[in-house]
1. In the chain, what percent of the accessible surface is made up of carbon and sulfur (1.4 Å probe, ligands and nucleic acids excluded)?
2. Once you have the Cα-Cα distance between Lys37 and Ile93, take 0.36 nm times their residue separation minus that, and quote the gain in nm to one decimal.
3. Given bins 10 angstrom wide, list per bin the percent of all Cα-Cα distances in region 135-272, short to long.
4. Just the ratio, please: alpha-carbon radius of gyration of region 19-61 over 2.2 N^0.38 Å, N its number of residues.
5. Take each uninterrupted DSSP H stretch in the chain, measure its Cα extent along the helix axis, and return the ones at 30 Å or beyond whose mean Kyte-Doolittle hydropathy is at least 0.0.
6. Note down the relative contact order for the chain as a percent, whole number, built from C-alpha pairs under 8 angstrom at least six residues apart.
7. List, largest first, the extents of the alpha carbons of the chain along their principal axes, each in whole Å.
8. Using a probe radius of 1.4 Å on heavy atoms only, what accessible surface per residue do you get for the chain? Whole Å² is fine.
Amino acid sequence: MEFEHQPPETTLAFTEEPQPEVVQAEIRRTRHRKELKLYRFLIVLGILAVLYVLWQTGQRPSLQDYQHYGYSDPTAAATLYTIALIASLFTGIGGIVIFLISLLFQYYSYYGGQLAFSIRVSEKNFPEIYHKAQEYRSLLRLRKMPEIYVRQMNGQVNAYTSWVPGKTFIQLNAEIVDLAYMENKDFDTVFFVMAHEFGHVYLHHVQLGYTLWPMLAMFFPAVGQLFYLGLQRAREYSADRVAQALTGGKAELETMMMLSAGRHAYKYVDAGDYVERINEHNRALERFARWCINFGSTHPIHPYRVRAILDPEKRSGRLL
Ligand SMILES: [Zn+2]
């Protein structure tokens with residue numbers, strides 16, 4: 001079958017200047033329908049986790065309890081009590097405080113990495129990217145422009161968005177930016193990747209205020225972690241929809257081919273062949289192996305993501 005990918009025929013196949021209201025309405029319509037449900041569930045789980053820790057802390061035996069339960073030697077009782085007290089600093093409420101501090105430290109270490117090793121996108125550095133970012137900002141009506149950085153990552157084709165108090169920032173790996181400035185001169189794919197990252201900013205996926213409770217839910221072993229992974233996959237689908245809304249679907253499939261085949265060979269991939277083959281696996285064990293990879297991943301596997309991207313009705317992508 002001859003396969004020719006065309007950007008979808010929606011209100012967003014831009015024939016004229018895109019309008020913020022239209023773009024934002026499309027984002028609301030196509031956001032993954034499980035994202036907010038999972039988010040709310042994880043908030044409840046996070047609150048329960050904190051309540052449990054508070055209750056546990058209240059249950060901690062006092063010095064008198066130690067003396068009462070057979071440690072009549074006051075020194076032994078005091079020593080055991082002190083050891084338990086120090087241990088509780090790392091397990092109960094103390095554990096949560098340490099977790100929060102380490103989380104903040106991690107956010108700042110990502111930002112510090114930009115200040116240490118990256119080039120900030122500006123009117124003079126990578127101006128095409130700078131101007132496109134301005135366009136995305138005004139379409140999404142973001143109060144503040146995310147800072148955008150270019151950083152070489154030894155061949156990793158990737159980008160990410162993060163936050164520190166007062167600002168969000170996007171790292172575009174130089175390996176992505178190369179698509180525009182090396183042999184392919186492919187700005188559209190770079191813009192699609194950047195639009196996806198703007199999606200994370202617009203939908204507040206990275207601010208601590210958004211992620212705190214779901215992260216605390218991870219104190220519930222297994223359940224919290226697995227549901228949090230599910231939320232992360234739903235967010236990726238939502239960010240893809242934002243990218244489609246911002247770009248009118250331009251380079252949506254090329255971007256996925258690039259993420260699989262790398263920044264040079266993707267131009268030689270027959271996307272139609274790829275799309276046909278993702279449905280080819282009939283054996284249950286093969287499908288199960290692929291399912292397991294998706295189940296344990298922060299990002300939906302590429303066949304699921306491609307299927308969601310190509311869905312003309314833009315239904316929510318497959319989480320499991
Ligand atoms: Zn993402």
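1. On the way: 10290 of 17270 Å².
Solvent-exposed carbon and sulfur of the chain make up 60 percent of the total.
2. Numbers: separation 56, 0.36 × 56 = 20.16 nm, distance 2.74 nm.
Here the answer is 17.4 nm.
3. P(r) over region 135-272, rounded to whole percents: 12, 38, 34, 15, 2.
4. Working: Rg = 18.6 Å, N = 43, 2.2 N^0.38 = 9.2 Å.
Scaled against compact globular proteins, the figure is 2.03.
5. Values: long enough: 35-58 (34 Å, 1.35); 93-117 (36 Å, 1.29); 223-247 (36 Å, -0.09).
Once both thresholds are applied, what remains is 35-58, 93-117.
6. Details: 405 pairs, mean separation 77.3, N = 320.
Relative CO of the chain lands at 24 percent.
7. Ordered largest first, the chain gives principal extents of 84, 53, 39 Å.
8. Numbers: 17270 Å² over 320 residues.
Per-residue value: 54 Å².
The values are calculated or read from the model by the stated rules, or taken from the named source; none is laboratory data. This one's a predicted model, so the numbers in the text were calculated from it and none came from an experiment. For neighbour counting, all protein chains shown are included, and Cβ atoms are generated from backbone atoms with ideal geometry for every residue, glycine included. Ligands, DNA and RNA are stripped out before the accessible areas are found, and what is left, the full protein with its side chains, is counted by its heavy atoms. Shrake-Rupley method; radii C 1.70, N 1.55, O 1.52, S 1.80 Å.
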